[in-house]
Amino acid sequence: MNEMNETNEFCLDYQCLTGVYDEMCVNPNFIRPHWDYMIRSLKMLGRVELEHRWQEAYRLLRDNGVTYNIYGDPQGRNRAWQLDPIPLLISSEEWSTIESGLAQRAELMTLLLADLYGPRETLRKGLLPVELVSAHTGFLRACHGIKLSPRHRLPWFAVDLIRSPNGQWWVLGDNTQAPTGAGYALENRLVMSRILPSLFRDSHVHRLSHFFRTLRNTLASMCVRNDHRIVLWSPGPDNETFFEHAYLAKYLGYTLVQGSDLTVRDGKVRLNTLSGLQPVDVILRRVDDNFCDPLELHADSSHGVAGLVHALRLGNVAMANPLGSGLLENPGLLSFLPALANYFLSETLQIPSPASWWCGQRQARDHVLANLSQLVIKRISFSSGKKSIIHGQSLSATQREELREQIRQQPYSYVGLEEITHSTTPVLVNGRLEPRPMMLRTFLVSSENEHRVMPGGLTRVSLDIDTPFISKPGGISKDTWVLASEPESQLTLLSQTSSTHVTFEGNHELPSRVAENMFWLGRYAERADGTIRLLRTVLLFLSEPDDFPSAANLACLHSLLQAVTCLTETYPGFIGEGAKERLNAPESELISIFLDQNRLGSLSSTLQFLLNSVRSVRDRVSPDLWRVITDIDDQLQALQREASVRLNDALKELDNLITALAAFAGLSIDNMTHGQGWRFLMIGRRLERAVYTTNLFRATLISINPNEAVLLENLLTVCDSLLSYRRHYRSQLEPQATLELILQSESNPRSLGYQLSHLQRDITALPRQNTEPYRSTEERLILEALTSLRLSEAQKLAQPTEGNFRKELDQLLTGLNHLLPALSDAITNNFFSHAEPPRQLVPWGNEDGDREAIN
């Protein structure tokens, strides 16, 4: 069938679509009415314009840093999110049926969860086999008996749906412990409303903001304090859906935390902040059940919080979703749900699941073994290194026999499901519309008396028509439009009326980990900037035609090359063993310092550390600033793909990188709130630039150079101060004037004095946990550094002593070189760690003692 004419218009007449797009067609001669306007609109757009809109969507997703990081994928953290420009449409009438069925399922799962961790009547009465529950890794015995209010048993729930060609919807699976995809659905919606604004507006699509507002209200209702603190707990930037974690935290206004940010003290969960330990009321978690508490669950978990289960048991913190809710994701439950629905609700399931057979029962196991090629086989629990979903039709005869043997050995671990043919939906592929099997993930949140369903969800389609199933959530996605009969009013997440408002200012809501990452983000950005400027100056020196370089020019070049090694610490380089050969032919060493990402201290390595730091504070970065980060990442990836780079090409790449870093510096000043997080970013930048300038002058000016005028000109170029020198002094280049401008001046943004004076101001403004009258360690260190610089005299610093050696300059720079690292260590010790001081255990019977502290 030819889906598209060779002209600029799509072939979207009824005959073309007959029997191909099940979502659009009811029968061979009739298109679903709610698709009619979409078809006409796409036909008016034409192929070229739709391709243009798709490219715009790709650009928006790239600029926003939307990624889905499949483990083991060669693209790593840079795997871009894929969005098809044609949404999935669902009529209001059809959605009403889906919504009712989903709400029923959520209620059933809520009651089942309460029973399995409570009275266990379903096990006593034989409605569920004990082995099906006890054999599942999601059943956490440590969580039995934890009391939850009926409304908060399952606050957050997701269901995977497919539609068969006859119009029947089926439930393929439930997501109960840490449902993923709502953030991607929201981002898809925002992008689609940008690239197809008229079509989106005229289609009267149900809004998503009502759902997220209900989610916020539900989580707030789980708190007992008015000035509550809700955090979103993420495994960290290496997680495959970390973008969504940061995105939702920013959208909902919650603090994004990792396990290292949380601690349990006296049976209560605390957040490590700059002001010490702050109470946490509700945790919206994205960490799987078993990894949440290394004390009572998986002992080897690096993401967990020791004592968390105990805090939940005491009722001192609430969690969405509760620990142990992963049990409901057991696919073996599917065959028992109809009977459970009748038991709990006295109802039949409105949206059924495919027929399933749990192999722990002999008759069901025999059926699965006899029909293996026609079924989908699932393990009831995830097992590392093993496929959790196996399609029998895709196996060879040998593979099927191996699977039969595995089922015979561990029958309780497997369940067989009927293979349901997926409905197809149109996808734009290489300028053509093609049918693809689709799956819809829907989301629900509990409210006061009901379960609110997100109107739409995250639609995923298979990568090709020959694949009858959607294997990974990171494939092609679609926005899902539930069409209303009339326009919907827009809704903001901000409350319209409030008698009181709660604010969290500065350090009280800033985790120490975030402050540390901001600090090192500033340091790596400045380190990369300094390395680029030095490399660029050296490469420009080398590119100048000089067939017979003088000894003085060679001495100047060698001094700059040795400075490259000293500042990047890429020894031996131009200083250690073999330095003479590298000084005579420095190009390969310079390119290595530029490109070798595996070489610690290289520019590529520094940029990678910068990217790692900024990803850890993704929720604190503005969209404009993130676009700059994306540009830096793209340039770095492009450089890594180059087999070799010529000097002229290297200069061009360095210019592009310095422009991107300048944009980063400017946006970090103008686009970030000047709170404590921003202050640590600035402290990191100032400190790194001070260290860089100190080491640069130690490497070049301590000893007198034969061609010092040329060396000074290059140093002023590296420090971006050559124009300032010419404007201020209008004389020949002199060491004294250069030292005044780059060392002592407190008005030159590139000078050492400017960095130290601003460091003193920022350090003084840092939060203090004590009220001692004397200065803190970091305050004393910066005062000593700034005072020593202010008391120095440029004339004496520039004056050489015996042996062409500037002794006073060396003493000053050596002293600063000890003070600045000590300052960095003092900041780290005082603000980036919160080890609680030891406490004396209170003996039993002491009425003022705390028994929980002893336990």
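The values are calculated or read from the model by the stated rules, or taken from the named source; none is laboratory data. Every value quoted in this text rests on a predicted model; they were computed, and no experiment measured them. Cβ sites come from the backbone with ideal geometry, for glycine too, and all protein chains shown count toward neighbours. These area figures cover heavy atoms from the full protein model, side chains too; ligands, DNA and RNA do not enter into them. Shrake-Rupley method; radii C 1.70, N 1.55, O 1.52, S 1.80 Å.
Some observations on this one:
- Paramagnetic reach from L542 in region 635-668 [backbone N under 12 Å; point 7 Å along Cα→Cβ]: 645-651
- Gain in span if fully extended, E746 to N598, counting 0.36 nm per residue against the direct Cα distance: 49.5 nm
- Computed label-point distance, nm, for sites K43 and R780 using a 7 Å Cα→Cβ extension: 8.2 nm
- Rounded to the nearest whole Hz, the Karplus-based 3J(HN,Hα) values (6.51 cos²θ - 1.76 cosθ + 1.60, θ = phi - 60°) of region 350-358 follow the sequence 6, 10, x, 9, x, 4, 9, 9, 7, with x at glycine and proline.
- The stretch between S92 and D36 holds 18.7 nm of extra length on full extension. This uses 0.36 nm per residue minus the Cα-Cα distance.
- Put simply, the amide H of R79, placed in the peptide plane, has neighbours under 5 Å in Y68, leaving out anything fewer than 5 places away on its chain.
- Surface/4 estimate of mean projected area, convex hull on alpha-carbon atoms of region 679-807, nm²: 8.8 nm²
- H674 versus I702: modelled label distance in nm, points set 7 Å from Cα along the beta carbon direction: 3.8 nm
- Only helices enter the 222 nm calculation for the chain: every DSSP H run of n ≥ 4 contributes -39,500 (n - 2.57), and dividing by all residues gives -14500 deg cm²/dmol, rounded to 500.
- Largest to smallest in accessible area, the residues W81, W520 fall in the order W520, W81 (1.4 Å probe, all protein chains included).
- For L172, the residues whose amide H sits under 5 Å from its own are D160, L161, I162, ignoring neighbours fewer than 5 places away on the same chain, with H placed 1.01 Å from N.
- What the Cβ-Cβ distance of W626 and Q406 gives, at R0 = 51 Å and to the nearest 0.05, is a FRET efficiency of 0.65.
- Straight-line reach from K43: taking Cα to Cα under 17 Å and skipping same-chain neighbours fewer than 8 places apart, the aspartates and glutamates in range are E3, E6, E9, D13, E51, D84, D202, E434.
- Computed over the chain, relative contact order equals 14 percent, with contacts defined as Cα pairs under 8 Å that lie 6+ residues apart.
- Among the listed pairs K125/K378; K478/K652; K580/K652, those beyond 31 Å (Cα-Cα): K478/K652
- Note on region 605-642 and region 288-328: Cα centroid distance 33 Å, given to the nearest whole angstrom.
- The mean accessible area for residues of region 309-417, using a 1.4 Å probe and ignoring ligands and nucleic acids, is 46 Å² per residue.
- Table column - 3J(HN,Hα) (Hz), region 600-607, Karplus curve with 6.51, -1.76, 1.60, x for Gly and Pro: 4, x, 5, 4, 4, 5, 5, 5
- Solvent-accessible area, 1.4 Å probe, carbon plus sulfur percent, for the chain: 49 percent
- Taking all protein chains together and a 1.4 Å probe, the residues D634, D300, D174 rank D300, D634, D174 from largest to smallest accessible area.
- Distance from region 230-259 to region 185-211 (C-alpha centre basis), Å: 24 Å
- Distance in nm between pseudo-label sites at N342 and A585 (7 Å out along the Cβ direction from Cα): 8.6 nm
- Note, ³J(HN,Hα) from phi for region 786-791, Karplus 6.51, -1.76, 1.60, rounded to Hz, x at Gly and Pro: 5, 5, 4, 6, 5, 7
- In this structure, the amide hydrogen of V269, modeled 1.01 Å from its nitrogen in the peptide plane, lies closer than 5 angstrom to those of V280, counting only residues at least 5 positions away or on a different chain.
- Structural descriptor for region 376-455: relative contact order 22 percent, calculated from alpha carbon pairs under 8 angstrom and at least 6 residues apart.
- For region 211-282, a/c is not less than 1.5, where a ≥ b ≥ c are the root eigenvalues of the C-alpha gyration tensor, and a/b does not top b/c. That puts it in the oblate class.
- Summing Cβ point charges (Lys, Arg +1; Asp, Glu -1) relative to the Cα centre of the chain gives a dipole of roughly 1200 debye.
- The simple Förster model, with R0 at 56 Å and r as the Cβ-Cβ distance, assigns E577 and N830 a FRET efficiency of 0.90.
- For trypsin sites (Lys or Arg not before Pro), the sites in region 541-649 that DSSP calls loop and that have at most 12 other Cβ atoms within 10 Å are R646.
- The stretch between N449 and W170 holds 97.9 nm of extra length on full extension. This uses 0.36 nm per residue minus the Cα-Cα distance.
- Between A370 and S302, the FRET efficiency from the beta-carbon distance, with R0 = 56 Å, is close to 0.80.
- The shape of the chain comes out prolate: with a ≥ b ≥ c from the C-alpha gyration tensor, a/c is at least 1.5 and a/b beats b/c.
- Annotation: peptides 680-686, 37-43, ranked by per-residue average of other Cβ atoms within 10 Å with the highest first, follow the order 680-686, 37-43.
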